Amino acid sequence: MLESILLILYFTIFSLFLIKSNLIKFKDLSPAFLIFAFSVKVVSGICYGWIHKTYFNGVDTFSFFKDSLQIGTTFFQAPDYYLYHWMGFTPDIPKGIPVFIYPETNYIVKDFGSYFLVHLHALPVVLSAGIYNVHIIFIAFIALIASINTYRALKDILQLPNVVLIFVCFFMPSVLFWTSGFHKDVWLFLGLSLILLGLRFGKLSKPALVKIAGGLLLFVLFKYYLLVVVLPSLFAYIWSLKQDQLSAGVKFMIVHMGVLGIIFLLEFTGVFSVTQILSLRQHEFLSEIGTSNIPSLEPWEPNFWGMLCYIPSAIVNVAFRPFFWDCKDGLQLMAATEIFVFWLIVFFIIIFRNPAQSEQPVGFFLIFFSLSNLILVGLLVGNVGTIVRYRAIALGCLAIIILQLVGIVKKKLKPKNLI
């Protein structure tokens, strides 16, 4: 009963905010549409929790939720223990209170994103009464803001039909599902959307820099290693703003080839081994036990040549799995269907593409960010379920650019207001 009351209460509060607030009004997105999109994200988040609890024994999402509840309990019932830890001390664990057991410093540094996530979600515990689905309301609202930001950033730049852009930004299945749960993905989606809003200005003005900095901060807090993917594309975008004889595509290619060259030099000179770090991270992923692990997957050699030789396998794993013949349940079948449809669309785009499409630096940013992200996931992850989640946002970005290249879609769907 309490859960239903709180769900209705917070859904109503956020819906009224969507209707009344001037912060997120947009001429092509009516209040009715925003409330509908918010509802879809809430339902998706509740399904996310139900699926993980029913089929995967809760795994990460409910482990994170449990930790957040314990942090909330620790703050209110053992404030001295809580504050001492923040001051760098190691106080004795109080007896009789289910306090949060703080991990060692090495773990916090290694997986700071998870550590920060559970502390962040401890804030609304006092408002949620410790109910998982009530937290989903807050997560769905963050995901909605990220979708709105992405739509606003790309609406005028890429000039896609509203119905196409709205589908990809708000309702693309993998992005919708994986950014609706109690996890880090929704915050990464928000960070990327802020960066895209900053790039929308087409110049490095103060508002643009503030938004880009905010997006980068979220990447640092939740998955700092993704800066290796974001920063080269961001640097190439800034370079592409300068008018000269080189095209935007050439500049992006030069920057990313330069990054590979730097990695090679660091490896060759022995100054710093990027491949050792990535290889160690891959071993950690491969050690995870699960029913969706890719069979007979061998780790790559921890050197530059080993990484390059493994890239073809990485591309196959991240771009095409799960295969239909490997699916073990309905969820994997859905993921296999989505990736099959995605590449089917790519096939028709190659045939019907519009060769007169103008270059857009933001488009190249999305392409190189997405491809770099996908290759990184392929290099590290050997579990199909994890691959599907990790590639969701990158696949959504790539889908936007692929649809931008479709001349046939532009002919059949004229830009107009959806609502």
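No value in this document is a laboratory result; all are computed from the given coordinates. The shown structure was predicted, so the numbers you read here are calculated from the model rather than taken from an experiment. Quick reminder, even Gly has a Cβ in these numbers, built from the backbone with ideal geometry, and neighbours come from all protein chains shown.
Return the subset of 41/155; 41/251; 211/242; 41/328 for which the Cα-Cα distance in this structure is over 31 Å, preserving the input order. Exceeds cut-off: 41/251.
Measuring spread by the Cα atoms of the chain yields a radius of gyration and Dmax of 22.3, 70 Å.
Per residue, the chain reaches -23000 deg cm²/dmol at 222 nm when only DSSP H runs of four or more residues are counted, each adding -39500 (n - 2.57). Here the Karplus curve 6.51 cos²θ - 1.76 cosθ + 1.60, taken at θ = phi - 60°, turns the phi angles of the range 150-163 into couplings of 5, 4, 4, 5, 9, 4, 8, 6, 8, 6, 7, x, 3, 4 Hz, with x standing for Gly and Pro. Taking every alpha-carbon pair under 8 Å whose residues sit at least 6 apart, the range 202-328 reaches a relative contact order of 14 percent.
The peptide list 92-98, 9-15, put in order of mean Cβ contacts within 10 Å with the highest first, becomes 9-15, 92-98. In sequence order, the range 209-224 has phi-based couplings of 5, 4, 5, 5, 4, x, x, 5, 4, 5, 5, 4, 5, 10, 8, 4 Hz under the Karplus curve 6.51 cos²θ - 1.76 cosθ + 1.60, θ = phi - 60°, and Gly or Pro positions carry x.
Taking packing as the residue-averaged number of other Cβ atoms within 10 angstrom, the listed peptides 249-261, 228-240 run from highest to lowest as 228-240, 249-261. Sequence-ordered 3J(HN,Hα) estimates for the range 186-191 from the Karplus curve with 6.51, -1.76 and 1.60 and θ = phi - 60° stand at 5, 6, 5, 4, 5, x Hz, glycine and proline given as x.
Annotation: amide H of residue 293 within the under-5 Å range of 384, sequence separation 5 or more or interchain, hydrogens built in the peptide plane.
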